[in-house]
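Structure record follows, encoded as structure tokens.
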Amino acid sequence: MDMRRLLPTLAAAIAGAVLVHAQEAPASTDSKPAPAEVTAATAESAATPKPAPPPLVAPIPGLFDIDLPRLYAQGTFHLLLNPRFGDFFHRDYIRVPAGVRWTFSDNLEFHTEAEAYLSNFFRKSNAGYGIGELDTGMKYVFPELFRPDFKAGFNLDTQVPVGSPPFDLTDGLNHITPSFVIEHHSDRRPRLTTFAGYGLDFVSHSFVHGVPSPNEPHDNSMFLNGGAIYDMGQLKWTFQATYTTTAVISHGNTIHIVSLQPSVLWFVPKRYTLNSKTQWIVGLGLHSTWGPDGFQFSTGSRLRADITFGQMIERMRGTFDFKH
């Protein structure tokens, strides 16, 4: 990767997103309308309130990996598509991860994601197509566990390689990962959200061959993470730091890994997508890692489509509604 060419491109993209956000902000004026105009404008504004900026609910792997204690609206069914367009240039296959999130109640969510892939026709490869990995799990948000400024959630994820995927698509390990995350948000600083979490990763060998990634534990491990989100509406700046160690929990050599991951996410306004109900998210980020394989630095970009199916399974949810 030629960093001298990639970093200017990354900086230009971030600057463009900031410029678009600035152009979307309402312009101030020193002129004061007449009382009648003020009344009419106020009435029109009350009749058609400006929609609130979309929140960051689901994680975006590779840019923001933390599953915060946030849920979509109760009963909603979301389809998440994360095509990896960079694979056109770097791999013999193209990854097209697709996931589903179902908010069962005010506190409980179920989700699953399939790491689908297909041959890169630009390289005339014979990688084929299929699903190489399945990720399933649940999230529970504790009701009023802490003060109003705090939220807490418990996540449980399982990651299992399946089928006969390309050799370097998966690490060939099964993962079971419970984690606990606390989020803090105060009205005194409405744009800033901070978070911290703790989790365990239990691994076992699968029947699928894979390639272990550098600076990864490849063994049972525990991790601590923390960071912040600065919310500017359609534009959100994120930062996460993670410390991972195999101390105490594994039976092999003890290793320590530290990673820093800043990113910027742009929630594309509806008017740029013909008022579609699909929420498009464009993200750019940096990733620095220190571990047993040395120092690594990389850049990443993501495009995600968040498709909402509304209350399509409301009757199903109502059948099992434990509130009755």
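Bear in mind that the values in this text are calculations on the coordinates, not laboratory data. Here the structure is a predicted model, which is why all the values come from computation and not from measurement. As a convention, Cβ positions derive from the backbone with ideal geometry for all residues, glycine included, and neighbour counts pool all protein chains shown.
In this model, which of 236/270; 151/236; 236/277; 124/277 are farther than 25 Å apart at the alpha-carbon?
Table pairs above 25 Å Cα-Cα are 124/277.
Can you give the net charge of the other residues whose Cβ lies under 9 Å from the Cβ of residue 155, counting K and R as +1 and D and E as -1?
-1
Applying 1/(1 + (r/R0)^6) with R0 = 45 Å to the Cβ-Cβ distance of residue 211 and residue 142, what FRET efficiency is obtained, to the nearest 0.05?
E between residue 211 and residue 142, to the nearest 0.05, is 0.75.
Using only C-alpha positions, report the orientation-averaged shadow area of the convex hull of the range 58-319, nm², one decimal.
15.8 nm²
Rounded to whole Hz and in sequence order, give me ³J(HN,Hα) for the range 239-251 from the Karplus expression 6.51 cos²θ - 1.76 cosθ + 1.60, θ = phi - 60°, writing x for Gly and Pro.
Here the 3J(HN,Hα) series is 8, 9, 10, 9, 10, 10, 8, 9, 4, 6, 8, 10, 9 Hz.
Give the long-range amide H neighbours of residue 93: residues separated by 5 or more places, or on another chain, with amide H under 5 Å away, using H modelled in the peptide plane at 1.01 Å from N.
Correct list: 120.
Which residues does a label at residue 237 reach in the range 266-292, if reach means a backbone N under 18 Å from a point 7 Å past the Cα toward the Cβ?
Within reach of a label on residue 237, which here means backbone N under 18 Å from a point 7 Å along Cα→Cβ, the range 266-292 contributes 266-267, 282-288.
Want the number for residue 106 to residue 154: 0.36 nm per residue separation, take away the alpha-carbon distance, what's left?
Separation in residues times 0.36 nm, less the Cα-Cα distance, equals 15.9 nm.
By DSSP, what percent of the beta bridges with both residues in the range 58-319 are antiparallel, rounded to the nearest 5?
Taking every DSSP beta bridge with both residues in the range 58-319, the antiparallel ones total about 100 percent.
Sort 302, 123, 191 by Cβ crowding within 10 Å, fewest neighbours at the top.
The most exposed by this proxy come first: 191, 123, 302.
Through the Karplus equation 6.51 cos²θ - 1.76 cosθ + 1.60, θ set to phi - 60°, convert the phi angles of the range 269-279 into ³J(HN,Hα) values in whole Hz; use x for Gly and Pro.
Residue by residue, the range 269-279 yields x, 4, 5, 8, 10, 6, 6, 5, 6, 6, 8 Hz.
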